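These notes concern the structure reproduced below.
The values are calculated or read from the model by the stated rules, or taken from the named source; none is laboratory data. Since the structure is predicted, the reported quantities are computational estimates derived from the model, not experimental observations. Neighbour counts are summed over all protein chains in view; Cβ atoms, including those assigned to glycine, are modelled from backbone coordinates with ideal geometry. Accessible surface is based on the protein model in full, side chains and every heavy atom, while ligands, DNA and RNA are left aside. Shrake-Rupley method; radii C 1.70, N 1.55, O 1.52, S 1.80 Å.
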Amino acid sequence: MWEKLLLFLPVAVTVATTVEGLVEPFFKRMTTVLIFNLLGNALVGLNYFIPYWVRAAEQVEGVSGAITCGVAVLCLTVNYLFTSREKKVPMWMILIQTVVFLAANLLTFSHTYDILALIAAMLFVLSIAQDTTKYYRLLYISNSLVWIGYDIFAKAWPNLVTHSILCIAIFISILVRDGKKTKKEEEQAL
């Protein structure tokens, strides 16, 4: 019975990640987005290992993706510290994050599809360095599309479900949050 419950764990984490991720792109404040993104990355990173831990997979697939999510949690924590104090993330910090992501991805590079984790990492660094959620969302949807490709090649089906649903949610949030023109913008267009 215990083993059957463990097999449900990847599904439970996928559902939790998806629900959390569905609300994230709709937030207006970057600090809130960073907190939710941190939680989402922690859960997705964990879900690359869970199938192996519960013996549903013979080996860990997506190690590069898991490491990328772990580094993302660290970067999000740093960026949150700057953003919560209403300070812009300095360029030197963005460069450090880029180098750390490059190093982590190169050290774990074992499949040709791992290049997708590297591309996603670079898009991620750019997205979380944004001052506004509008530009964050535009980069975030690109990031999600790259992760969908990675998950297909890595056969990380629970994360593929999550990333696919989140990509749709991000698209909707762009339409809802960023598709509206303010009255001032409409008046300037006239």
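Indicate the gyration tensor shape class of the chain (rounded, prolate or oblate), computed on the Cα atoms with a ≥ b ≥ c the square roots of the eigenvalues: a/c under 1.5 is rounded; otherwise a/b larger than b/c is prolate and the rest oblate.
Working: a/c = 2.04, a/b = 1.54, b/c = 1.33.
The shape class here is prolate.
What number comes out for accessible area per residue over region 24-178 if the probe is 1.4 Å? Units Å², please. Intermediate results must be reported in sequence, preceding the final value.
Values: 7690 Å² over 155 residues.
Solvent-accessible surface per residue comes out at 50 Å².
Mind giving me the FRET efficiency for residue 134 and residue 111? R0 is 30 Å, r the Cβ-Cβ distance, nearest 0.05 is fine.
Numbers: r = 34 Å, r/R0 = 1.15.
Efficiency, rounded to the nearest 0.05: 0.30.
Can you divide the C-alpha Rg of region 77-190 by 2.2 N^0.38 Å and report the result to two decimal places?
Output field value: 1.25.
Springs between alpha-carbon pairs under 10 angstrom, Gaussian network model over the chain: which of 63, 161, 176 fluctuates most?
For the chain, modelled as a Gaussian network with Cα springs under 10 Å, the answer is 176.
For the chain, find the longest principal axis of its Cα atoms and tell me its angle to the long axis of helix 30-53, 0 to 90°, nearest 10.
That helix lies at roughly 10 degrees to the long axis.
Given contacts defined as C-alpha pairs under 8 Å and at least six residues apart, what's the relative contact order of the chain, whole-number percent?
Numbers: 229 pairs, mean separation 46.3, N = 190.
The value is 24 percent.
If each DSSP helix of 4+ residues adds -39,500 (n - 2.57) and the sum is divided by the residues in the chain, what number results at 222 nm, nearest 500 deg cm²/dmol?
Only helices count here, giving -26500 deg cm²/dmol.
Too long at a 26 Å Cα-Cα cut-off: which of 88/155; 28/155; 88/134?
Over 26 Å apart, Cα to Cα: 88/155; 28/155.
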